[in-house]
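**Student:** Sharing a structure with you now.
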Amino acid sequence: MPAVEWTVREGDPIAGGSIYHLAERMDAGLVLGRSRRAIEPGLTAGELHDALAGDGPALMEDVLARHAAGSLRGEAQDESRVTIALKMSKGDG
């Protein structure tokens, strides 16, 4: 869960998850759905991970419902905003 750990470490105010098409380039696939969650002060990476995981089923249900209804549209990602979560070491805590 390195991305979640970096999110907490950097003090980001919002985190989220997404369902997207895979593409050859990183962060280039169309986004089909996303969730957003405010990060409360003192929240640990483990707690954020669990909260985001809990958002997953509703996000998937939404994407599948829009697909079944014929209204699913992908949104292009802004590749200029790609971030890379570096591997953390024990000293990064």
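Since every read-out is calculated from the coordinates, none of them should be taken as a lab result. For clarity, every value in this text was computed on a predicted model and none was experimentally measured. We place every Cβ from the backbone using ideal geometry, glycine too, and count neighbours over all the protein chains shown.
**Student:** Could you work out how much longer the chain between Arg81 and Ala69 gets when fully extended? Use 0.36 nm per residue separation minus the Cα distance between them, nm to one decimal.
**Tutor:** So the chain would gain 1.2 nm between Arg81 and Ala69.
**Student:** Around Gly56, with a cut-off of 12 angstrom between Cβ atoms, what is the net charge of the other residues, counting Lys and Arg +1 and Asp and Glu -1?
**Tutor:** Taking every other residue near Gly56 into account, the sum is -2.
**Student:** Quick one, what does Rg over Rh come out to for the chain if you take C-alpha atoms and the Kirkwood Rh?
**Tutor:** 1.01
**Student:** May I ask for the net charge around Gly33, where only other residues with Cβ less than 13 Å from the Cβ of Gly33 are counted and Lys, Arg are +1 while Asp, Glu are -1?
**Tutor:** Summing Lys and Arg as +1 and Asp and Glu as -1 gives 0.
**Student:** Here's something else I'd like to know. With +1 on the Cβ of every Lys and Arg and -1 on the Cβ of every Asp and Glu, and nothing else charged, how large is the dipole of region 2-81 about its Cα centre, in debye rounded to the nearest 20?
**Tutor:** The dipole of region 2-81 has a size of about 240 debye.
**Student:** Could I ask something else about it? With axes computed from alpha carbons, what is the tilt in degrees of helix 45-68 against the longest principal axis of the chain, rounded to the nearest 10 within 0 to 90?
**Tutor:** 0 degrees
**Student:** Now for a different question. Find out how many positive minus negative residues lie around Ala15, taking Lys and Arg as positive, Asp and Glu as negative, among other residues whose Cβ is under 9 Å from that of Ala15.
**Tutor:** With Lys, Arg at +1 and Asp, Glu at -1, the net is +1.
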